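Peer 1: Take this structure first; my questions come after.
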Amino acid sequence: MRYNSMQQKLLALETSCDESAVAVMGMEGKKLVVIANRIASQVNEHAKWGGVVPEIASRKHLEALPFLLGEVLSESKLEMTDMDAVAATVAPGLAGALMIGSVTARTLASLYSLPFIGIHHLEGHLSSVLLGKNPPELPYLVLLVSGGHTELIRVSSDRNFIRLGRSHDDAAGEAFDKVARLLGLPYPGGPAIENLASKGDPKRFVLPKGRVSRPEGGYYPYDFSFSGLKTAMLRLVESLRANGHEIPRPDLAASFENIVAEVLVERSLRCAVEEKLKTLVMVGGVAANNRLREMMKQRAFEEGIDLYLAPKAFCTDNAAMIGAAALMRLEVTNRSSSIELGVSPRWPLAEADSFYQSPPPF
Ligand code: KG4
Ligand code: ZN
């Protein structure tokens, strides 16, 4: 029962997309502790459709949560009555999927008279880096690369989030998923491409870096565009096929993975240097990619930037990162949400403070 002595313990739920996840998190001094962490992936359910089906996601969350809750409580040897709060992702994501997690969390909070803490999914991803052995000190620049977002965010000393760069079309993870489908690989595409790419030549094909033009001329230096790259891959495969060539899938996968990593690394480091931020953080599902991690380490070292990578286990969606964000809100700002806070499929990260205001924004 050693976890009982911790200052704060909370239960966290994540159901924004296709992973049902529940965690018990604790705080020991200033250190975040993952007490128990479970994920029920729905990947196999969605794989046969080539992407996430919202109705299936909601139903599977509903089936998985009671089971996962039982598991984390038994592993942590804690009861609901030992908790100090209940947290859940409330935005952004699939509305029905978010609602399952939010209603479950709010029901538990009401039953056990605990504060409820609604968390922005991206704040969760940003907090995943705090689960590493040696968390970074504010302020820093974050490259957030997931299936839904590719953004450069400055986190200021007072924990404000300011977006400095973004993708104008597909997110990097979405590009991995679409190119995987083109190469006949299963969903989710990131791990499948990474696996195939390890056997390929990353320099074989020259691919576009997707610059975003400014109306007044020149380019947005910290913005991204991946839809042109996806089309270039399609044209390449079509022309190889038309000329009767065998499709060199490993070389295509490696060249694609390499150009995505180069673009992410170049623009992130340029942004950090020009914005005079000495620390760079990388989080999100795509941040699990080894080529990207290694390239970022190498170039950050050359530029004299301190790099902090989210631990691989906490890059893709999980509830520990949601619990970490909730403990920070509770500990640093002493914030909780109205039990009437609902869910929102879209909501800017810069306005996540409104989740703790009364009346709630949605
Ligand atoms: O953060 P995440 O779990 O969910 C969102 O919030 O979007 O990210 C999922 C995305 C998917 O697009 C998946 O293909 C990509 O992350 N991903 C990867 C890798 N693992 C997951 N992309 C590249 N390499 C990986 N190893
Ligand atoms: Zn995510």
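Values in this text are rule-based calculations from the coordinates and carry no lab data. As the structure is a prediction and not an experimental result, all values here were calculated from the model. Using ideal geometry, Cβ is built from the backbone for each residue, glycine included, and neighbour counts are taken over all protein chains shown.
Peer 1: Please give the net charge around L277, taking every other residue with its beta carbon less than 13 angstrom from that of L277, where Lys and Arg add +1 and Asp and Glu add -1.
Peer 2: Around L277, the surrounding residues sum to -1.
Peer 1: Please give the charge dipole size of region 59-146, origin at the Cα centre, charges +1 on K and R Cβ atoms and -1 on D and E Cβ atoms. Round to the nearest 20 debye.
Peer 2: 260 debye
Peer 1: What's the center-to-center distance, using Cα atoms, between region 97-130 and region 198-238 in Å?
Peer 2: Taking the Cα centre of each part, region 97-130 and region 198-238 sit 37 Å apart.
Peer 1: Once both labels are modelled 7 Å past Cα along the beta-carbon direction, what's the I56-N134 spacing in nm?
Peer 2: 4.3 nm
Peer 1: While we're looking at this one, here's another question. Please identify every one of the trypsin sites (Lys or Arg not before Pro) in region 59-90 that sits in a loop by DSSP and has no more than 14 other beta carbons within 10 Å of its own beta carbon.
Peer 2: Filter output for region 59-90: K77.
Peer 1: Assuming R0 = 56 Å, what is the FRET efficiency of A95 and K199, from their Cβ-Cβ distance, to the nearest 0.05?
Peer 2: The pair A95/K199 has a calculated efficiency of 0.90.
Peer 1: Evaluate the charge dipole of region 89-212 about its Cα centre and quote only its size in Debye, nearest 20, assuming +1 on the Cβ of each Lys and Arg and -1 on the Cβ of each Asp and Glu.
Peer 2: Charge dipole of region 89-212: 260 debye, to the nearest 20.
Peer 1: Let me ask something else about it. Explain nothing, just the number: dipole magnitude of region 262-305 about its Cα centre with +1 on each Lys and Arg Cβ and -1 on each Asp and Glu Cβ, in debye rounded to the nearest 20.
Peer 2: 120 debye
Peer 1: Right, next: Do any GluC sites (Glu not before Pro) in region 57-150 lie in a loop, going by DSSP, with at most 11 other beta-carbon atoms within 10 Å of their beta carbon, and if so which?
Peer 2: Hits after loop and neighbour filter: E79, E137.
Peer 1: Multiply the residue separation of E75 and V103 by 0.36 nm, subtract the distance between their alpha-carbon atoms, and state the gained length in nm to one decimal.
Peer 2: Contour length minus Cα-Cα distance gives 7.7 nm.
Peer 1: With 10 angstrom as the radius, rank M321, M83 by how many other C-beta atoms surround their C-beta, starting from the fewest.
Peer 2: The order, fewest Cβ neighbours first, is M83, M321.
Peer 1: Which whole-number percent is the relative contact order of the chain (Cα, under 8 Å, 6+ apart)?
Peer 2: 22 percent
Peer 1: Could you bin all the Cα-Cα distances of the chain into 10 Å bins starting at 0 and give me the percent of pairs in each, rounded to whole numbers?
Peer 2: Final binned percentages: 5, 25, 32, 24, 11, 3, 0.
Peer 1: Please report the base-10 log of the normalised intensity I(q)/I(0) for region 130-274, using a Debye sum with one equal scatterer per alpha carbon and no solvent, at each q in 0.10, 0.14, 0.17 (1/Å).
Peer 2: -0.39, -0.72, -0.97
Peer 1: List every DSSP H helix in the chain whose Cα atoms extend 24 Å or more along the helix's own long axis and whose mean Kyte-Doolittle hydropathy is at least 0.0.
Peer 2: Within the chain the helices that satisfy the rule are 54-76, 249-274.
Peer 1: Quick one: which of K9/K133; K9/K30; K178/K297; K48/K209; K133/K276; K209/K312 span more than 22 angstrom between C-alpha atoms?
Peer 2: Violating the 22 Å Cα-Cα cut-off are K178/K297; K48/K209; K133/K276; K209/K312.
Peer 1: Any idea how far apart D84 and R346 come out in nm if each label point goes 7 Å out from Cα toward Cβ?
Peer 2: According to this spin-label approximation, the distance is 3.7 nm.
Peer 1: Can you tell which of Y3, V52, L183 lies farthest toward the positive end of the dipole of the chain, using +1 and -1 charges on the Cβ of basic and acidic side chains (Lys, Arg; Asp, Glu)?
Peer 2: So the residue we want is L183.
Peer 1: Still on this structure, I have one more. Work from the charge dipole of region 215-362 (Cβ charges, +1 for Lys and Arg, -1 for Asp and Glu, about the Cα centre) and give the residue of V263, P248, A310 farthest towards its positive end.
Peer 2: P248
Peer 1: Can you give me the Cα centroid spacing of region 43-89 and region 1-39 in angstrom?
Peer 2: Centre-to-centre (Cα) distance: 13 Å.
Peer 1: Of the listed peptides 17-24, 228-235, 257-264, what is their order by residue-averaged count of other C-beta atoms within 10 Å, with the highest listed first?
Peer 2: Going by the mean number of other Cβ atoms within 10 Å, highest first, we get 17-24, 257-264, 228-235.
Peer 1: Once R0 is set to 35 Å, what does the formula 1/(1 + (r/R0)^6) return for the Cβ-Cβ distance between K209 and K276, expressed as a FRET efficiency to the nearest 0.05?
Peer 2: Taking R0 as 35 Å, the efficiency between K209 and K276 is 0.90.
Peer 1: Still on this model: Students often get this wrong, so check it: of K31/K203; K77/K278; K31/K77, which have C-alpha atoms separated by over 31 Å?
Peer 2: The answer is K31/K203; K77/K278.
Peer 1: Still on this structure: How would you rank H46, H168, H61, going from fewest to most other Cβ atoms within 10 Å of each one's own Cβ?
Peer 2: With the fewest neighbours first, H46, H168, H61 line up as H168, H46, H61.
Peer 1: Would you calculate a helix-derived [θ] at 222 nm for the chain, using -39,500 (n - 2.57) for each DSSP H run of n ≥ 4 and dividing by the full residue count, to the nearest 500?
Peer 2: Mean residue ellipticity at 222 nm (helix-derived): -12500 deg cm²/dmol.
Peer 1: Give me the one-decimal nm value for the distance between modelled label points at W49 and R241, 7 Å along each residue's Cα-to-Cβ direction.
Peer 2: 2.5 nm
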